[in-house]
Amino acid sequence: MNNNCIFCKIIGNEISSVTLYEDDDFKVIMDISPAVKGHAVLIPKKHIANIFEMDEDTASKIFVVAAKVAKAMQEELKCDGLNILQNNGDAAGQTVFHFHIHLIPRYIGDSVRITWAHDSYKAGEAEMIAAAINKRI
Ligand code: 5GP
Ligand code: ZN
């Protein structure tokens, strides 16, 4: 529990939220300011600021929950697709510094925009970057 963290307060029921799903380790709530109706966020109950702090146990369990919720959303909302989005750090657009996964139902022709301009690699550059990162795994 982090006293300054809004998601810790939601998990501790100090701040109300609409719960979609809950188990011992995770809570899924409806986003207060949704990209589209049905937009939910999956939150570990343990305070973990971002992916860089995530332990293997949480990492191994969280996508199981994400997949269950995504399938339930598709069945119930009849969405045509679904984005899973997860921001880490100011630079990546994170605004609540308690790890969370966005589950955003998508519909053909909806007004949600998740996009970026595409960069490119010089010859050999992708291989060099991949190998350098791989050395640290
Ligand atoms: P981020 O920008 O950090 O990836 O996403 C934070 C998300 O949390 C935003 O989509 C925002 O609408 C949502 N959010 C922020 N405060 C609250 C809150 O008090 N309750 C709920 N349900 N969602 C919140
Ligand atoms: Zn927290």
If I filter the stretch 35-50 for residues that are within 16 Å of ligand 1 (Cβ to nearest atom), open to solvent by 20 Å² or more (accessible area, probe 1.4 Å) and more than 29 Å from residue 13 (Cβ to Cβ), do I get at least one hit?
no
State yes or no: is residue 58 open to solvent by 90 Å² or more (accessible area, probe 1.4 Å) and of a type outside the set (A, V, I, L, M, F, W, C)?
no
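Residue under question is residue 70, and the condition is that it be loosely packed, with under 14 Cβ neighbours inside 10 Å and within 15 Å of the chain's Cα centre (by Cα); does it hold?
no
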Boolean, residue 11 is farther than 21 Å from residue 114 by Cα, open to solvent by less than 50 Å² (accessible area, probe 1.4 Å) and either within 15 Å of ligand 1 (Cβ to nearest atom) or at pLDDT below 95 (or both)
yes
For residue 22, state whether it is open to solvent by 10 Å² or more (accessible area, probe 1.4 Å), closer than 20 Å to residue 89 by Cα and not basic (Lys, Arg).
no
Restricting the first residue to the stretch 118-137 and requiring it to be farther than 19 Å from residue 52 by Cα, which pairs with a second residue that is at pLDDT 95 or above and of a type in the set (Asp, Glu) meet a Cβ separation below 9 Å and a spacing of at least six or different chains?
121/127
Looking for whichever is of a type in the set (S, T, N, Q), touching a strand residue (DSSP E or B) at 6+ places or on another chain (Cβ under 6 Å) and modelled with pLDDT of 95 or more here; the options are 120, 17, 111, 33. Which one fits?
17
Cβ-Cβ under 7 Å, sequence separation 6+ or interchain: first residue in the stretch 1-22 and under 14 Å from residue 45 (Cβ atoms) and of a type in the set (Phe, Trp, Tyr), partner part of a strand (DSSP E or B) and within 9 Å of ligand 2 (Cβ to nearest atom). Which pairs?
7/43
Quick one: which strands (runs of 3 or more DSSP E) lie wholly within the stretch 35-110 and hold at least 3 residues that are within 16 Å of ligand 2 (Cβ to nearest atom)?
40-44
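The values are calculated or read from the model by the stated rules, or taken from the named source; none is laboratory data. Quick caveat, the model's predicted, so the values are computed rather than measured. Note that each Cβ is placed from the backbone with ideal geometry, even for glycine, and that neighbours are counted across all protein chains shown. Note: areas computed on protein heavy atoms with side chains; ligands, DNA, RNA excluded. Shrake-Rupley method; radii C 1.70, N 1.55, O 1.52, S 1.80 Å.
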